[in-house]
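The values are calculated or read from the model by the stated rules, or taken from the named source; none is laboratory data. The structure presented is a predicted model; accordingly, all values stated were derived computationally and were not measured. Here the Cβ positions follow ideal geometry from the backbone for every residue, glycine too, while neighbour counts run over all protein chains shown.
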């Protein structure tokens, strides 16, 4: 069970002992990349770096952010829908095509008339995004390679959602806000050199329009109990 931690009367986001995070902590087994944007500011000296809190040195680079309102840090990382994205070219302790987990906390600000395709949230490699948000009859859905992963009415504009997709033996299992929505078999995945992009599709278009609060990548499929733990942690930390 997660418990609040305080210094005096102030609730804290993270506690470090040396270089280790002791509260609150997601599942660490198999965690190869963890970006968290709580408490980051546009004035930070290291504002261009998405620090990897997993301890694996997979720091990402913030590309094209203006570090002003609408493009930078605003209690999370806000993407301007024009050219902002985060990229890590090669993941240390990489992921395989058959078994991995991607866990992300985000909010879509809006869709615009120019969004004929959709919004790229997470991409592995250079081509088809892993998580691509599209709109149909005023509902958002997530798909990969033409296959719907998270169905209509699961996502709401201007609401923070925790989405987790795990791949286990070529089957994609999808969770929204801690609840399993569906699973899809034989979904093709294109992973090139372990490259990960957040906010664009790998070819620098379909830029995301909204906030990303945290993102995690695992080199294995998490169990339902582990998925529930990660959601409970994010729910507590971000007051969902």
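Test residue 91 against the stated conditions and say whether it is at pLDDT below 80 and surrounded by 20 or more Cβ atoms within 10 Å (Cβ to Cβ).
No; evaluated as a whole, the condition is false for this residue.
Among the listed residues 28, 38, identify the single one that is modelled with pLDDT under 95, part of a loop (DSSP other than H, G, I, E, B) and in contact with a helix residue (DSSP H, G or I) (Cβ under 9 Å, 6 or more places away or on another chain).
On inspection, the qualifying residue turns out to be 38.
What pairs come out if I take residues in segment 229-240 that are within 12 Å of residue 105 (Cα to Cα) and pair them with residues that are modelled with pLDDT of 90 or more and assigned to a helix (DSSP H, G or I) whose C-beta lies under 8 Å away, six or more apart or interchain?
The qualifying pairs are 240/234.
Among the residues of segment 68-99, count how many are free of Cβ contacts under 8 Å to residues at least 40 places away in the same chain, assigned to a strand (DSSP E or B) and in contact with a strand residue (DSSP E or B) (Cβ under 8 Å, 6 or more places away or on another chain).
Looking only at that region, the number is 2.
For residue 65, all conditions in the list (1) buried (at least 21 other Cβ atoms within 10 Å of the Cβ); (2) in a loop (DSSP other than H, G, I, E, B); (3) within 15 Å of the chain's Cα centre (by Cα) hold save one; what is the number of the exception?
Evaluating residue 65 over (1) buried (at least 21 other Cβ atoms within 10 Å of the Cβ); (2) in a loop (DSSP other than H, G, I, E, B); (3) within 15 Å of the chain's Cα centre (by Cα) leaves (3) as the failure.
Among the numbered conditions (1) surrounded by 14 or more Cβ atoms within 10 Å (Cβ to Cβ); (2) more than 22 Å from residue 79 (Cβ to Cβ); (3) modelled with pLDDT under 80, tell me where residue 140 comes up short.
(2)
Looking only at segment 201-228, filter to residues that are on the phi < 0 side of the Ramachandran plot and modelled with pLDDT under 90; which one of those is surrounded by the most Cβ atoms within 10 Å (Cβ to Cβ)?
Step by step, filter segment 201-228, then rank; the result is 201.
Could you list, in sequence order, all residues of segment 102-124 that are modelled with pLDDT under 85, in contact with a strand residue (DSSP E or B) (Cβ under 9 Å, 6 or more places away or on another chain) and not in a strand (DSSP E or B)?
110, 111, 112, 115, 117, 118
Could you say whether any residue in segment 229-237 is at pLDDT below 90, outside any loop (DSSP other than H, G, I, E, B) and surrounded by 17 or more Cβ atoms within 10 Å (Cβ to Cβ)? Reasoning before the result, please.
Residues of segment 229-237 at pLDDT below 90: 236-237.
Add one more test, that the residue is outside any loop (DSSP other than H, G, I, E, B), and what stays is 236-237.
If we keep only those that are surrounded by 17 or more Cβ atoms within 10 Å (Cβ to Cβ) too, we end up with 237.
Yes, the conditions are met somewhere in segment 229-237.
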